[in-house]
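Below is one structure, written out as structure tokens; comments come after it.
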Amino acid sequence: MARAGNLRIGGGAPVSVQTMLDSPLSPEGAPGVVSMISDLAALGCDMIRFSFVSPDDAAPFSYIASHSVIPVVADIHFDYRMAILAIGSGAHKIRINPGNIGARWKTEEIVRASLDHGTAIRIGLNSGSLPQSVRGMKVPEAMVSTALEYLGWFESWGFRNTVVSLKSSDVAETMEAARAFRRLSDYPQHIGITEAGDPVISAVRSSWALGTLLSEGIGDTVRISMTGPVEEEVIAGVELLRTLSLRKKGVRIISCPRCGRHTFDTIAFERKVRKRLLSLDKDITVAIMGCLVNGPGEAGNADYAVTGMKEKVYLYRKGRVLAAVSPEDAEDALFEAIADE
């Protein structure tokens with residue numbers, strides 16, 4: 001088991017959801033980032049990663065690390081001094097690839113700083129960043145071999161607070177590597193498909209690969225990597241865990257795809273209320289249905305359902321009409337009803 005701040009990873013702990021900030025750090029932007037992290041945590045995010053590329057990142061990163069409601073991770077490439085600076089700035093975990101850090105002694109310096117501060121390390125290997133010594137191997141075999149070598153280094157220095165990730169943009173390679181590593185090591189794994197594409201493409205690729213691995217008991221933290229908003233990464237990750245019954249808490253949204261007989265704009269309403277619903281600390285199902293023909297019936301088992309027409313929106317509680325309101329008042333009526341539960 002590893003530990004990043006107060007978050008347990010592996011060893012029977014719940015699978016955690018990660019994302020990564022998609023913009024550079026800055027002192028003036030740090031308070032806004034802290035607020036954003038709180039919003040992401042409400043959606044179900046358990047840990048967030050930041051690129052740490054310059055000494056200028058230390059001050060904003062330190063502020064964020066000390067104010068964040070979830071553990072923060074520093075992503076380091078090439079310069080071991082940035083890793084040590086991030087550790088001293090309060091990182092709960094760092095992500096490194098020892099292969100691009102340089103001489104072995106530099107990695108050892110990072111590990112010893114992590115030991116001193118209680119900082120976790122993720123050994124992050126991607127298919128495109130493997131050492132020359134394994135280039136003749138198949139990619140999954142090469143990633144596993146490299147990870148085991150680096151783990152040997154860490155253990156020789158007395159360090160075991162480690163997570164491993166073996167990722168490729170190729171789904172089959174990622175799955176093969178994760179399975180092979182699991183057969184040889186019980187270190188926690190962070191799983192994901194790197195460079196997975198836009199939200200739709202990424203959701204399909206990641207759900208298949210990560211869902212399959214998680215159903216086999218492989219994976220302790222996940223990131224649904226997207227070319228898109230970080231909120232969508234978190235929502236997709238949480239929904240994947242809920243679909244696999246690995247996370248039960250939270251609001252479950254069901255909504256119809258809409259057809260030619262729709263009288264209610266489910267697409268617009270769902271987009272409008274989704275983040276607010278998913279941020280609620282309630283174990284309920286909310287249905288957003290497109291018409292009065294079969295909407296109420298199909299949503300009869302939901303705790304709350306919304307459907308309607310252009311003039312009126314109907315709010316249901318457990319299959320019974322609770323209220324009829326104007327479209328403009330529908331959102332407030334829904335959340336008032338949930339709050340009164």
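The values are calculated or read from the model by the stated rules, or taken from the named source; none is laboratory data. Treat the numbers as computed from the prediction; the structure is a model and nothing was measured. Note: ideal-geometry Cβ built from the backbone for every residue, glycine included; neighbour counts use all protein chains shown.
Tallying residues that are of a type outside the set (A, V, I, L, M, F, W, C), surrounded by 17 or more Cβ atoms within 10 Å (Cβ to Cβ) and over 26 Å from residue 3 (Cβ atoms) within region 212-231 yields 2.
The rows are residues; the columns are (1) in contact (Cβ under 8 Å) with a residue 12 or more places away in the chain; (2) in the same structural domain as residue 42 (by TED's automatic domain parsing).
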{"position": "221", "(1), (2)": "yes, yes"}
{"position": "227", "(1), (2)": "yes, yes"}
{"position": "239", "(1), (2)": "no, yes"}
{"position": "267", "(1), (2)": "no, no"}
{"position": "270", "(1), (2)": "yes, no"}
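Residue 78 satisfies every condition listed in (1) modelled with pLDDT under 95; (2) under 18 Å from residue 163 (Cβ atoms) except (2).
Residue 169 meets the conditions (1) surrounded by fewer than 19 Cβ atoms within 10 Å (Cβ to Cβ); (2) touching a strand residue (DSSP E or B) at 6+ places or on another chain (Cβ under 9 Å); (3) of a type outside the set (A, V, I, L, M, F, W, C); (4) farther than 23 Å from residue 206 by Cα in every case but one. The failed one is (4). The residues in region 109-135 that are surrounded by fewer than 19 Cβ atoms within 10 Å (Cβ to Cβ), within 15 Å of residue 77 (Cα to Cα) and at pLDDT 90 or above can be counted, and the count is 1.
Is it the case that region 16-34 has a residue that's in contact (Cβ under 8 Å) with a residue 40 or more places away in the chain, more than 17 Å from residue 74 (Cα to Cα) and aliphatic (A, V, I, L, M)? No.
From the list 68, 26, the one residue that fits, being of a type outside the set (Val, Ile, Thr), surrounded by fewer than 16 Cβ atoms within 10 Å (Cβ to Cβ) and more than 22 Å from residue 147 (Cα to Cα), is 26. Criterion applied to 274, 258, 242 was being among the charged types (D, E, K, R) and part of a loop (DSSP other than H, G, I, E, B), and the one residue passing it is 258. Of everything in region 219-234 that is of a type outside the set (Asp, Glu) and in a helix (DSSP H, G or I), the residue that is modelled with the highest pLDDT is 234.
Being at pLDDT below 95, more than 27 Å from residue 238 (Cβ to Cβ) and assigned by TED's automatic domain parsing to the domain that holds residue 97 is a property that holds for residue 138. Based on what the data block shows, is residue 276 out of contact with any strand residue (DSSP E or B) (no Cβ under 7 Å at 6 or more places or on another chain), in contact (Cβ under 8 Å) with a residue 40 or more places away in the chain, basic (Lys, Arg) and closer than 28 Å to residue 174 by Cβ? Taking the combined requirement at face value, the residue does not satisfy it. What pairs can you find where one residue is in region 74-101 and under 16 Å from residue 154 (Cα atoms), the other is of a type in the set (Lys, Arg) and part of a strand (DSSP E or B), and their Cβ atoms are less than 8 Å apart, with a gap of 6+ or different chains? Listed by first residue and then by second, the contacts come to 93/122; 94/122; 95/49; 95/122; 96/122.
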